[in-house]
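The values are calculated or read from the model by the stated rules, or taken from the named source; none is laboratory data. Source: prediction; values computed, not measured. Here the Cβ is made from the backbone with ideal geometry for all residues, glycine too, and neighbour counts use every protein chain on show.
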Amino acid sequence: MKKIVIAYATAGIGHKKAAIAIKAAFDEMAGKDAEVEIIDSLDYTNAFFKWVYLKFYLLMVNKLPLFWGLLYYLTDNPFLNLIISKIRNLSNRLNSKKLVNYLISSKPDVIITTHFFPSEIISDLKGKGIVDPLLISVVTDYRLHSWWVSNFVDMYVVGSEDAKSDLLGWKVDPAKIKILGIPVEPIFSKKLDREKILVKNSFKEEIFTILVIGGGFGVGPIEDIIKVAGDIALPIQIITICGHNKELVKRLEEVKKGLKAGINVLGFVDNVYEYMEIADILISKSGGITVAESLAKELPMIVISPILGQETRNAGFLIKYGAAFKVKKFSDLKEILEDLISHPEKMAKMKEAIHNIKRPTACYDVVKLALGGRQGS
């Protein structure tokens, strides 16, 4: 029986969701062939380091997005990365002794990472001959930043040809790169009962349905989106998911009273796949997992206010292949929505584009890669 560890890091919710998706696929496929454990690698660092790691990221993307974007692109420069990576590597090693001890004692055969932090730690241990698992790094965006690259990763799983090209630019052996997609939970690849879900939400089949998502923390200009979309003269119905942002839920319950459209305001939900099943279009930021989920459900996107860096690159990927629009001004949002509602052939064209780039079974394909071992590489 193979011992497999799936390691993520809590820096945003996406890395954890990808890890959970892979674990769910193992539960379906592997049975008694594998012993699988899923861990937050930051739980194996000291408390201060874990706190700073998450708080710094949230501060940057929510309060200082321009600075985050600058940091993202500067550290993706080969020369600057050479300097900064040495400091980062040293800090990571000094603060991850519990993770090192765990890996040495547990002796996994395969480690699958969905964040670059554990990849870096494990790669360093492999380079020193301390551990020697098959190390599979699952990249959770559609383009690749330099921090994902580590010398002793055995296999990179990426979501697109574009991400593969990025890895090749960092001199990664092409034999180590598998274009399998970004893992989403198995249920996203399954067809659901659309009519039943519509009835549950008191929605009608023939009306254009808009899904607005603010992520786990309900961030972004959700209230402005609802005000613009909800005042469109054409018949529409809207579902908005606010995550853990209870204040946003309260504000939207008041806002919707003065709008023309039927609007369902939801807080945190664990069945977003149902709402993606009935939606005609998704309006959201372009986080890697959100994009992967929407592609799996063949749901076109309108991207608004993406975080500079990984999300703007994800948006660029979608736009390049005709699977999304990007909105800069709210007046553009109204115009785009009215155009798409009035011209269903444009929606059909976007769905066709999505069909050509989606990889909804990535979670299963990662499991097959892991179970295949070094022969699978």
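The one condition from (1) of a type outside the set (G, A, S); (2) part of a helix (DSSP H, G or I); (3) within 17 Å of the chain's Cα centre (by Cα) that R143 does not meet is (2). With respect to I241, determine if the residue is at pLDDT 90 or above, farther than 23 Å from S284 by Cβ and not hydroxyl-bearing (S, T, Y). So I241 fails the test.
Exactly one residue out of N101, N89 is at pLDDT below 95, touching a helix residue (DSSP H, G or I) at 6+ places or on another chain (Cβ under 9 Å) and in the same structural domain as M155 (by TED's automatic domain parsing), and it is N89.
I112: surrounded by 15 or more Cβ atoms within 10 Å (Cβ to Cβ) and assigned by TED's automatic domain parsing to the domain that holds L180, yes or no? If you could, list the steps in order and put the result at the bottom.
Working: surrounded by 15 or more Cβ atoms within 10 Å (Cβ to Cβ): yes; assigned by TED's automatic domain parsing to the domain that holds L180: yes.
Judged against the criteria, I112 is a match.
Residues in the range 50-69 that are touching a residue at least 12 places away in the same chain (Cβ under 8 Å), loosely packed, with under 15 Cβ neighbours inside 10 Å and more than 18 Å from the chain's Cα centre (by Cα): 1 in all. P108 fulfils the conditions (1) part of a loop (DSSP other than H, G, I, E, B); (2) free of Cβ contacts under 8 Å to residues at least 24 places away in the same chain except for a single criterion, (2). On the basis of being at pLDDT 90 or above and in a loop (DSSP other than H, G, I, E, B), does S286 make the cut? Answer is yes for this residue. Selection within the range 321-335: residues that are part of a loop (DSSP other than H, G, I, E, B) and free of Cβ contacts under 8 Å to residues at least 24 places away in the same chain. The member of this set that is farthest from Y142 (Cα to Cα) is K329. For beta carbons closer than 6 Å, sequence separation of 6+ or different chains, a first residue in the range 159-175 that is under 23 Å from C363 (Cα atoms) and in the same structural domain as D141 (by TED's automatic domain parsing) and a second that is of a type in the set (D, E, K, R) and surrounded by 21 or more Cβ atoms within 10 Å (Cβ to Cβ), the qualifying pairs are D162/R143; A163/R143; D166/R143. Hey, could you check the range 308-318 for residues that are in contact with a helix residue (DSSP H, G or I) (Cβ under 7 Å, 6 or more places away or on another chain) and surrounded by fewer than 24 Cβ atoms within 10 Å (Cβ to Cβ) and say which is nearest to K351 (Cα to Cα)? For the range 308-318, the residue satisfying everything is F317.
The residue pairs whose first member lies in the range 305-316 and is assigned by TED's automatic domain parsing to the domain that holds G287 and more than 13 Å from G14 (Cβ to Cβ), whose second member is small (G, A, S) and part of a loop (DSSP other than H, G, I, E, B), and whose beta carbons are closer than 7 Å, counting only pairs six or more residues apart or on different chains, are S305/G220; P306/S286; A315/S286.
Pairs linking a residue in the range 9-38 that is in contact (Cβ under 8 Å) with a residue 24 or more places away in the chain and surrounded by fewer than 19 Cβ atoms within 10 Å (Cβ to Cβ) to a residue that is small (G, A, S) and part of a helix (DSSP H, G or I), with Cβ atoms under 6 Å and 6 or more positions apart or on different chains, are I38/A19.
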